[in-house]
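Read the structure below first, then the notes.
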Amino acid sequence: MTPRDALQQYYSFHSRIYDATRWSFLFGRGRLLGEVERRFCPTRILEIGCGTGVNLARLGRWFPRARLTGIDTSAAMLAVAERRLRSFGNRVVLHESYYGASLGLNPAPDLICISYCLSMINPGVEEVIAAVAADLAPGGSLAVVDFHGSRHRWFRQWMQISHVRMEHHLLPALSSRFYADLTRIGTAYAGLWQYFLFLGRLRV
């Protein structure tokens, strides 16, 4: 079985329970979107790893004039997203694809969101961040929330079973391409792991 086939098989089941269960792991998503709503007024939004479309639906309600684009590798997750986003009509475009190179969108997105996706890209995260830099419109912003790290080796190894890398490597990679307007690090379950929020603008 190829890695792509394994991923499709994994999410063919988990897409049914994702929204009901992942709240216990994916901290900071609402806080990140709240910062986006408070600071920006985007007109073209791209979410990488859009999953079931929860974030895009919230952004679509907050920014009723914005066009929404989502990309995800899982057909099953996108099927859930399509149902959730149906009321937005032709404001929404969803792509089933890996994201490893610029999409060349025209016009380019002025906000790119990535929620708990980068930590699962191993290897290749640098290429994805470079593609984000190429896709983002001049003056646009990047919003990221993801796992940061854990002081517990056993927990990091356990997370690697789900292809999640937690080695404090993402913030330095993002900062190499983007100026930080906001960086916050939070803790989960009495310090079992850390997660981070990052808002940035492209370095020129």
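The values are calculated or read from the model by the stated rules, or taken from the named source; none is laboratory data. The structure displayed is predicted, hence computed values, not measured ones. Counting neighbours? That spans all protein chains shown, and the Cβs are built from the backbone with ideal geometry, glycine included. Note: accessible area is taken over every heavy atom of the protein model, side chains too, but ligands, DNA and RNA are not part of it. Shrake-Rupley method; radii C 1.70, N 1.55, O 1.52, S 1.80 Å.
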Legend entry - Checking residue 130 against (1) over 14 Å from the mean Cα position of the chain (by Cα); (2) more than 25 Å from residue 39 (Cβ to Cβ), the condition it does not meet: (2)
Legend entry - Residue pairs meeting the criteria (Cβ under 6 Å; at least 6 apart or on separate chains; first closer than 18 Å to residue 177 by Cα, in the range 102-130; second of a type in the set (A, V, I, L, M) and assigned to a loop (DSSP other than H, G, I, E, B)): 108/137; 110/137; 112/136; 119/164; 128/121
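Tell me which residues, restricted to the range 56-77, are assigned to a helix (DSSP H, G or I), in contact with a strand residue (DSSP E or B) (Cβ under 8 Å, 6 or more places away or on another chain) and modelled with pLDDT of 95 or more.
Within the range 56-77, the subset assigned to a helix (DSSP H, G or I) is 56-62, 75-77.
Next, only the ones that are in contact with a strand residue (DSSP E or B) (Cβ under 8 Å, 6 or more places away or on another chain) stay: 56, 59-60, 75.
If the condition is that a residue be assigned to a helix (DSSP H, G or I), in contact with a strand residue (DSSP E or B) (Cβ under 8 Å, 6 or more places away or on another chain) and modelled with pLDDT of 95 or more, then 56, 59, 60 are the ones that fit.
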Inset, instruction - Tell me, please, whether a residue that is open to solvent by 60 Å² or more (accessible area, probe 1.4 Å) and either aliphatic (A, V, I, L, M) or free of Cβ contacts under 8 Å to residues at least 24 places away in the same chain (or both) can be found in the range 190-200. - result: yes
Inset, instruction - Identify, by number, the condition in (1) out of contact with any strand residue (DSSP E or B) (no Cβ under 7 Å at 6 or more places or on another chain); (2) part of a strand (DSSP E or B); (3) aromatic (Phe, Trp, Tyr) that residue 196 doesn't meet. - result: (1)
Legend entry - Residues being under 18 Å from the mean Cα position of the chain (by Cα), within 20 Å of residue 42 (Cβ to Cβ) and open to solvent by 40 Å² or more (accessible area, probe 1.4 Å) - total across the range 64-93: 3
Legend entry - Residues satisfying the stated conditions in the range 167-193, i.e. assigned to a loop (DSSP other than H, G, I, E, B) and on the phi < 0 side of the Ramachandran plot: 169, 176, 177, 192
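Would you check if there is a residue in the range 23-41 being assigned to a loop (DSSP other than H, G, I, E, B), modelled with pLDDT of 90 or more and open to solvent by less than 20 Å² (accessible area, probe 1.4 Å)?
Within the range 23-41, one or more residues are assigned to a loop (DSSP other than H, G, I, E, B), modelled with pLDDT of 90 or more and open to solvent by less than 20 Å² (accessible area, probe 1.4 Å).
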Inset, instruction - Kindly indicate whether any position in the range 143-155 is in contact (Cβ under 8 Å) with a residue 60 or more places away in the chain, under 16 Å from the mean Cα position of the chain (by Cα), over 19 Å from residue 73 (Cα atoms) and buried (at least 20 other Cβ atoms within 10 Å of the Cβ). - result: yes
Inset, instruction - Could you check residue 164 against (1) open to solvent by 50 Å² or more (accessible area, probe 1.4 Å); (2) part of a loop (DSSP other than H, G, I, E, B) and say which number it fails? - result: (1)
